[in-house]
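**Q** Okay, handing you the structure first.
Every number here is computed from the coordinates shown, using simple stated rules; none is lab data. What you are looking at is a predicted structure, and each value in this text was computed from that prediction instead of being measured. Ideal geometry is used to build each Cβ from the backbone, glycine not excepted, and the neighbour counts take in all protein chains shown.
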Ligand SMILES: Cc1cc2nc3c(=O)[nH]c(=O)nc-3n(C[C@H](O)[C@H](O)[C@H](O)COP(=O)(O)OP(=O)(O)OC[C@H]3O[C@@H](n4cnc5c(N)ncnc54)[C@H](O)[C@@H]3O)c2cc1C
């Protein structure tokens with residue numbers, strides 16, 4: 001069968017390509033992983049088109065990799081075994097915003113920027129949880145990889161905010177999940193068996209989400225940012241515990257960079273918000289008092305003179321916390337996101353610096369505190385995209401940071417294939433087997449983003 005011709009029959013000539021120039025773009029992502037082969041790229045516009053493509057792929061046993069914004073940096077959208085990249089960007093309608101039940105029903109290609117500006121214009125009292133990623137990334141891609149946004153320290157990771165979804169299963173059926181499977185409203189995912197979990201964290205290996213209902217949140221009009229600095233790495237768990245214990249923060253991140261010199265400290269950045277000025281004033285006073293207590297030991301300083309430009313960057317939604325990633329002037333930036341228990345932060349901090357130095361890199365951290373509490377501990381690496389040796393060094397540094405994460409009892413978030421394999425090696429064998437069994441039941445032909453969440457075969461070990 002002529003697959004290219006069949007794809008044209010489904011979506012039309014303009015929305016399918018097998019030209020080398022266009023496939024080149026889809027064969028890599030902005031991170032440090034090597035490029036891989038792509039055979040076709042298709043841009044569906046309707047769920048029926050997605051369904052027909054999946055049925056065709058099943059018939060012909062062609063792998064399909066769903067792509068949103070393609071910005072995980074860990075090549076999760078670059079096919080491991082060739083085949084079709086299903087670029088969802090043209091399915092970009094915001095279908096419903098329900099103010100009272102506070103959710104937005106969107107298609108898979110809706111970007112963070114599109115939802116944010118739509119809400120600002122039409123529903124200014126509501127907001128969604130926006131990651132600090134490029135504005136072109138999709139809300140769906142982010143929620144499905146358990147991403148986190150600017151209100152995650154308060155409300156949880158973004159996958160927790162999913163109310164329901166429409167999915168094209170790997171066998172071609174269209175399936176609704178959550179309250180929308182029973183009635184017209186997309187307002188909740190329960191009380192029902194929690195089926196969204198079959199698609200969250202699976203990297204597109206169990207189906208293609210075509211619609212998603214995301215929770216929305218009140219948007220307090222008053223916001224302020226405070227920064228405190230310290231050099232005491234061992235104090236971090238206690239400072240985070242105290243700050244989170246009050247349950248009053250909108251956002252909370254920690255940053256450090258060895259260059260420029262003034263940034264070579266631990267900075268605690270706290271975003272406070274309030275529905276009333278008095279509320280914000282009270283919260284401000286509470287946090288200043290709290291950190292003053294630490295200061296009693298001479299260990300934490302209030303940053304009195306936060307530069308107005310920095311203040312604006314931190315107060316923007318999303319905040320711009322990664323300040324100067326491109327140390328090497330080569331355009332490459334990678335980070336491995338470790339989800340760590342809070343008490344392991346000091347050890348990760350010290351050993352992470354060590355990893356950067358061993359690979360001749362300047363250490364730079366941006367960490368976001370999450371509900372739990374736990375922390376997204378970002379081991380950041382910048383590299384020269386034109387220098388293969390530099391890219392290889394970055395991969396090695398990433399691998400060491402991932403090994404360290406597992407050694408400390410943490411989890412690697414949005415891990416590339418190598419990191420997924422490390423996780424599978426460490427995993428309870430029954431759990432690893434359960435994952436394989438679920439994948440097999442969902443996707444009997446093994447066409448969905450193959451290579452992900454697969455254990456090492458005996459000849460690869
Ligand atoms: C500078 C920078 C800062 C960042 N900051 C943050 C941050 O603060 N918080 C955060 O969470 N992330 C952050 N990221 C990481 C990443 O960019 C985001 O998580 C982003 O939202 C991922 O969405 P995406 O659309 O790019 O997903 P993609 O990379 O397109 O997809 C992610 C995974 O989901 C699958 N997938 C995509 N769409 C579908 C679908 N419709 N159905 C089934 N599977 C699908 C893909 O196959 C892939 O496995 C950052 C990245 C950069 C470069």
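**Q** Enter the Cα centre distance for the pair segment 237-294 and segment 387-461, rounded to the nearest angstrom.
**A** 35 Å
**Q** Next question. Rounded to the nearest 500, what is the 222 nm mean residue ellipticity of the chain from helices alone, with -39500 (n - 2.57) per DSSP H run of 4+ residues and division by all residues? Walk me through the numbers on the way to the answer.
**A** Values: 13 runs with 146 residues, N = 461.
The per-residue figure over the chain is -9500 deg cm²/dmol.
**Q** Still on this model: For the chain, take the longest principal axis of its alpha carbons; what is the angle in degrees between that and the long axis of helix 429-442, to the nearest 10 within 0 to 90?
**A** Tilt of helix 429-442: around 40 degrees.
**Q** May I pose another question? Normalised by the number of residues in the chain, what is the relative contact order in percent for Cα pairs under 8 Å and 6+ residues apart?
**A** For the chain, the relative contact order is 15 percent.
**Q** Another one. Consider all pairwise Cα distances in the chain and report the whole-number % of them above 29 Å.
**A** On the way: 52765 of 106030 pairs.
Considering the chain, 50 percent of its Cα-Cα pairs are separated by more than 29 Å.
**Q** At a threshold of 8 angstrom on Cα-Cα distance, excluding pairs fewer than six apart, so keeping six or more, what relative contact order does segment 127-268 reach in percent? Before the final figure, lay out each step's value.
**A** On the way: 208 pairs, mean separation 33.6, N = 142.
With pairs under 8 Å counted, the relative contact order is 24 percent.
**Q** Here's another thing I want to ask about it. Using just the C-alpha positions of segment 222-315 as equal point scatterers, what log10 of I(q)/I(0) does the Debye formula give at each q in 0.14, 0.17, 0.21, 0.23 1/Å?
**A** Values returned for q = 0.14, 0.17, 0.21, 0.23 Å⁻¹ are -0.49, -0.73, -1.12, -1.32.
**Q** Hey, what angle do you get for helix 277-295 against the long axis of the chain, alpha-carbon based, 0 to 90 degrees rounded to 10?
**A** 70 degrees
**Q** Once you keep just the Cα pairs under 8 angstrom separated by 6 or more residues, what percentage relative contact order results for segment 98-138? Before the final figure, lay out the partial values.
**A** Numbers: 26 pairs, mean separation 19.8, N = 41.
Relative contact order comes out at 48 percent.
**Q** Applying a 10 Å radius around every beta-carbon, put 302-308, 15-21, 207-213, 228-234 in order of their mean neighbour count, most first.
**A** So the peptides 302-308, 15-21, 207-213, 228-234, ranked by packing, come out 207-213, 228-234, 15-21, 302-308.
**Q** For helix 417-426, report the angle its Cα long axis makes with the longest principal axis of the Cα atoms of the chain; keep it between 0 and 90° and round to the nearest 10°.
**A** Once rounded, one gets 80 degrees.
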